[in-house]
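Since the structure comes first, as structure tokens, the remarks are kept for the end.
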Amino acid sequence: MSRWTRFVVVAGVCAIMLFPLYCMLVVAFTPRDALFDAGAQLWPDAFTTDNFTSLFARFPVGTWFVNSVMVAAVTTAISVTVNLLAGYALAKLRFLGRDAVFVLIISTMMIPAQAIMFPQFRTVIDLGLFGTFWAVILPSAATAFGIFLARQFLLAIPDELLEAATIDGAGQLRIFLRIVLPLCKPLIAVLVLLAFMAQWNDFLWPLIALKDPALYTLPVSLRFLQGQYDADYGGLMAAALLTCLPLVVLFLFLQRYFVQGMARTGIK
């Protein structure tokens, strides 16, 4: 295909992907009465911020936003650290049963999340964490897919580089911190983005593990805008827009490293 043909195809795909976001943006700034007018309007006659002001006046959106940021940030920090250390051990350290451990970790990806929710719930209760942020954070402290990505990325680092550091007297921790981590910027970007996005968008488990509405995260709080017979679509789209913005900003900030990391781990 010619350059212009490829450009048109890419532009068409981007338009299809961005159209739902555009509809969400339009509905968020459209007056409530205008949402139910006959005929679909891709550009409303009037814009308003009443959906946002009403949302903040009726619900503690600021508290929910802070809760989401805190839970997602702490979960991401713990998850990235554990995934990097596990990936390093499975890629560069030699110990009995290493490959079996890796296969066992990967096999857990075939287990549906719903199948382990009950034992996970019982574990949280037995540890006395039910109803706290740690009940949401700790179950996501490591992921099989994150360990897989870390291992695949670290396999590409030459063993000779690590052996030279060992000859110079460096221990495993120093090798990991001084040599391996500086080479893992694309991998870290991928792990940060995937972990933050998964925790930020998680709805079912925080709904089960948190009992105090003051501790709810943004995805859980969206259900307050959906009644049994009616829904505040303007407020719902306003809250959804606030929920999407941090992920969009984070991806735009990390997109260069994200593409490099995905390519170097063999995921095309």
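For the chain, carbon and sulfur atoms together expose 70% of the accessible surface, with a 1.4 angstrom probe and every protein chain in place.
Residues in the chain average 59 Å² of solvent-accessible surface per residue, probe 1.4 Å, ligands and nucleic acids excluded.
For segment 104-180 and segment 11-75, what is the separation of their Cα centres, given in Å? Answer, in whole Å: 35. The modelled label-to-label distance for the pair ALA113/MET24, using points 7 Å beyond Cα in the direction of Cβ, is 1.6 nm.
Look at the dipole of the chain built from charges on Cβ: of LEU162, CYS23, SER2, the Cα furthest out on the positive end belongs to LEU162.
Quick check on the chain: take the gyration tensor over C-alpha atoms, sort the square-rooted eigenvalues as a ≥ b ≥ c, and tell me if it's rounded (a/c under 1.5), prolate or oblate. Cα axes put the chain in the oblate bin. With R₀ fixed at 41 Å, the C-beta to C-beta distance from MET17 to PHE95 puts the FRET efficiency at about 0.40.
Take the chain, connect every pair of alpha-carbon atoms lying under 10 Å apart with a spring to form a Gaussian network, then pick out the residue of SER107, SER68, SER79 with the largest mean-square fluctuation. Sorting by GNM fluctuation, first place goes to SER107. Here the contact order of the chain, divided by its residue count and restricted to Cα pairs under 8 Å and six or more residues apart, works out to 31 percent. For segment 84-97, 3J(HN,Hα) computed residue by residue from phi via the Karplus equation (6.51, -1.76, 1.60; θ = phi - 60°) reads 5, 5, 5, x, 5, 5, 6, 9, 10, 9, 9, 8, 5, x Hz, glycine and proline entered as x. If only the Cβ of Lys and Arg carry +1 and only the Cβ of Asp and Glu carry -1, the dipole of the chain around its Cα centre is close to 820 debye. Can you give me the angle between helix 117-126 and the longest principal axis of the chain, using Cα atoms only, in degrees from 0 to 90, rounded to the nearest 10? Its long axis makes an angle of about 80 degrees. Once the chain from LEU204 to TRP43 is taken as fully extended at 0.36 nm per residue, the excess over their C-alpha distance is 54.6 nm.
Relative to the longest principal Cα axis of the chain, at what angle does helix 98-107 sit, 0 to 90 degrees, rounded to 10? In the chain, helix 98-107 runs at an angle near 20 degrees to the longest axis. For PHE56 and LEU247, the difference between the fully extended length at 0.36 nm per residue and the C-alpha to C-alpha distance is 66.7 nm.
The values are calculated or read from the model by the stated rules, or taken from the named source; none is laboratory data. What you are looking at is a predicted structure, and each value in this text was computed from that prediction instead of being measured. Don't worry about glycine lacking a Cβ; one is built from the backbone with ideal geometry, like all the others, and counts go over all protein chains shown. Heads up: the accessible areas ignore ligands, DNA and RNA and are worked out on the full protein's heavy atoms, side chains in. Shrake-Rupley method; radii C 1.70, N 1.55, O 1.52, S 1.80 Å.
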